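Just so it is clear, none of the values below were taken in a lab; they were calculated from the coordinates. Please read these numbers as outputs of a predicted model, since none were measured by experiment.
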Amino acid sequence: MRGHAMRRARVRRAGRIFLLLLTLATVPAANAEQTAMDTAAGQLAGPIIHSKQRTLAILDFSGPGNKVTALGEKLADDLSVAITKSGGNLQVEDRARIKEKRSRSRDHDCS
C-alpha cells in the first residue's frame, strides 16, 4: 500500500512539473508576439506622427475574400493597444465606437 501512495505522489509531482514547464514555455511565445506587435506599432506610428496626424482609426483586418475574421479583429485590437502605448501623442479612436457607428450607418442605409 505504501508503494502505491508513493507512486501516486510521484505522478502528481511529475504532473505539476509538466504544467509548470508548459506554462513557462508559453510565456516567451506570448511575450515575443507582443514585442513584434510593439515593433510594428512603432514603425507605423512614426510616419503617422511625422505627417502631423494626431487621430488614428484602426479597422478590422480582412482575410481571404475581404472577409473579416476573428484573427483580423484580434490583430486590430492588439495593434490599437500597441500604438496607444507607443506614445507619440497619437489618439487612437475607440474601436467599439467605430463598430457601433458603422453598424448604425449600415442600418440607416438599409431603411
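Just a few scattered comments:
- Alpha-carbon Rg with Dmax, taken over region 67-111, Å: 13.3, 42
- Segment Thr35-Arg106, extension gain: residue separation times 0.36 nm, minus the distance between their alpha carbons: 21.9 nm
- Amide H contacts of Leu56 (H built 1.01 Å from N, under 5 Å, at least 5 apart or other chain): Gln91, Val92, Glu93
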